[in-house]
Amino acid sequence: MGNPEVHAEFNPLSIPRLLEGECLEKLKQAYVQALQRTIRTYMNNILEIEKRNWQNGEEVEEQVLADSCHLPIYTDVEEIIGTHVRNSARLSHDLEISSSNACVEELGTFTTRLQVAFHECVGTTFTSFFAQYTVVYVNSFAKLRHNTTQSDAEQYRCAETKLTKAIESLKQHFFDVFMKDTKPHFQKIITKNWLKKNTEFNAIMKSSGILCQWLKYLLPPYDKDFACGIHQYLVKEYILQIMKRKMRLNKLRRKRAAQKMREEGDLINKAADDMGSDLDTLHHAIHCISEIIGAKKKVEIEPKLDQLFHLHPDISEDHILCILHLHGIRKSTKLLRHFQKLQESQQPIPSSQDSQQPPLFSAIECSPQVACFTL
């Protein structure tokens, strides 16, 4: 009790146990169980606050996103768990460990519930609001997951697994919602109306602009992961429309189509750069195809095929036929023979180089459908 008169004569080690071992263990277990219920209540309160923010359309300030160390979810959870674990440590060391494990167990359950609730309440339409909160939760979960690597306890490993799955689910759902938003517009490009209007492509770029605004705040490595994934999707989906053989261009329309493809390719590249993608070979894919489309003579196409094959050796003969179909070429025997020679002379790609740049054309299906009339 700190009485100075008896302090010199007091030896803490000489005091016998005040409680029997079995009774003490029961007391510690009851303490940990009560603490776990308390942490669960705190987590429920945080989840309810987040739900109200979603329902009220409470947007996240860019300043908050820019400072990942002060994200509300992360700081609140850190403070709650940290405070209770420190209080437990004052009682006993083994109680500190048990309390920490219990808190981390609740953390894993909370992140899963938050991610599921977010998808059900907000994640059905691609908006700036949806993108903001996705970034908040990915960053918060990433920082919380880092803390779970500090122990080999089962509760920590389980929480780390749940946080990893929650982050992956947020990412996949983000991609799914973005694709759902943009695919209907992609399906209307490389058509007769597309040559006259920019409406559909502008809608795609509007959604991409939302990505550029918010993905820059993602923590590494998720910033590159999201940016490269979206970049690959934009280029792949654009080229897929060419592979659907929607039309065959005539001389008058060919120049306009090639120019439009170059311009739209530039806009996709700019959006990818703004997001932070480093998939450099994707920058040239649409440009190479546009040059083939704009070529006036067959002899001009061969060097452009060389360039396209060099950048994307996974391109197939069927892909080339679809590109030539859009150009308007009906007899392509010589060009196909040239392409086959390119394939025969292809050198194996080192595995390290192949892993840096993901395949493009091998993931794009070609349509056997042939247009009836030349546009």
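The values are calculated or read from the model by the stated rules, or taken from the named source; none is laboratory data. Everything numeric in this text was worked out from a predicted model, so none of it was measured. As a convention, Cβ positions derive from the backbone with ideal geometry for all residues, glycine included, and neighbour counts pool all protein chains shown. SASA here: full protein model, heavy atoms, side chains in, ligands and nucleic acids out. Shrake-Rupley method; radii C 1.70, N 1.55, O 1.52, S 1.80 Å.
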Inter-residue pairs, beta-carbon under 8 Å, first in contact (Cβ under 8 Å) with a residue 40 or more places away in the chain and acidic (Asp, Glu) and in region 94-109, second in a helix (DSSP H, G or I) and buried (at least 21 other Cβ atoms within 10 Å of the Cβ), 6+ apart: Glu105/Ala159; Glu106/Ile39; Glu106/Met43
Total residues in region 118-142, condition of a type in the set (Ser, Thr, Tyr) and assigned to a helix (DSSP H, G or I): 5
Close pairs from region 233-257: first without any contact (Cβ under 8 Å) to a residue 60 or more places away in the chain, partner small (Gly, Ala, Ser), Cβ under 9 Å, at least 6 apart: Leu234/Ser208; Leu234/Ala271; Leu234/Ala272; Tyr238/Gly265; Tyr238/Ala285; Lys255/Gly294
Single unsatisfied condition, Leu219 versus (1) under 26 Å from the mean Cα position of the chain (by Cα); (2) assigned to a helix (DSSP H, G or I): (2)
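Filter region 205-262 for residues that are of a type in the set (Gly, Ala, Ser) and surrounded by fewer than 18 Cβ atoms within 10 Å (Cβ to Cβ) and give the result.
Passing the criteria: only Gly209.
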Count of region 241-258 residues which are among the polar types (S, T, N, Q) and out of contact with any helix residue (DSSP H, G or I) (no Cβ under 7 Å at 6 or more places or on another chain): 1
Filtered residues of region 306-331 (kept if of a type in the set (A, V, I, L, M, F, W, C), part of a helix (DSSP H, G or I) and closer than 19 Å to Ala363 by Cα): Leu308, Phe309, Leu311, Ile320, Leu321, Cys322, Ile323
Qualifying position, being at pLDDT below 95 and under 24 Å from Ile364 (Cβ atoms), among Lys171, Lys244: Lys244
Those residues of region 144-167 which are surrounded by fewer than 19 Cβ atoms within 10 Å (Cβ to Cβ) and closer than 22 Å to Val116 by Cβ, in sequence order: Arg157, Cys158, Thr161, Thr164, Lys165
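Can you name the residue in region 143-189 that is of a type in the set (D, E, K, R) and outside any helix (DSSP H, G or I) and, of all such residues, is farthest from Ser98 (Cα to Cα)?
So the residue we want is Lys188.
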Considering residues of region 297-346 that are among the polar types (S, T, N, Q) and more than 38 Å from the chain's Cα centre (by Cα) only, the residue farthest from Lys244 (Cα to Cα): Thr333
Residue within region 355-364 that is in contact with a His (Cβ under 6 Å, 6 or more places away or on another chain), under 17 Å from Val235 (Cα atoms) and either open to solvent by less than 50 Å² (accessible area, probe 1.4 Å) or at pLDDT below 90 (or both) present: yes
Tally of residues being touching a Gly at 6+ places or on another chain (Cβ under 8 Å) and surrounded by fewer than 21 Cβ atoms within 10 Å (Cβ to Cβ) across region 110-143: 1
Out of Asp266, Asp314, Asp274, sole residue that is in contact (Cβ under 8 Å) with a residue 40 or more places away in the chain, open to solvent by 70 Å² or more (accessible area, probe 1.4 Å) and out of contact with any Asp or Glu (no Cβ under 6 Å at 6 or more places or on another chain): Asp274
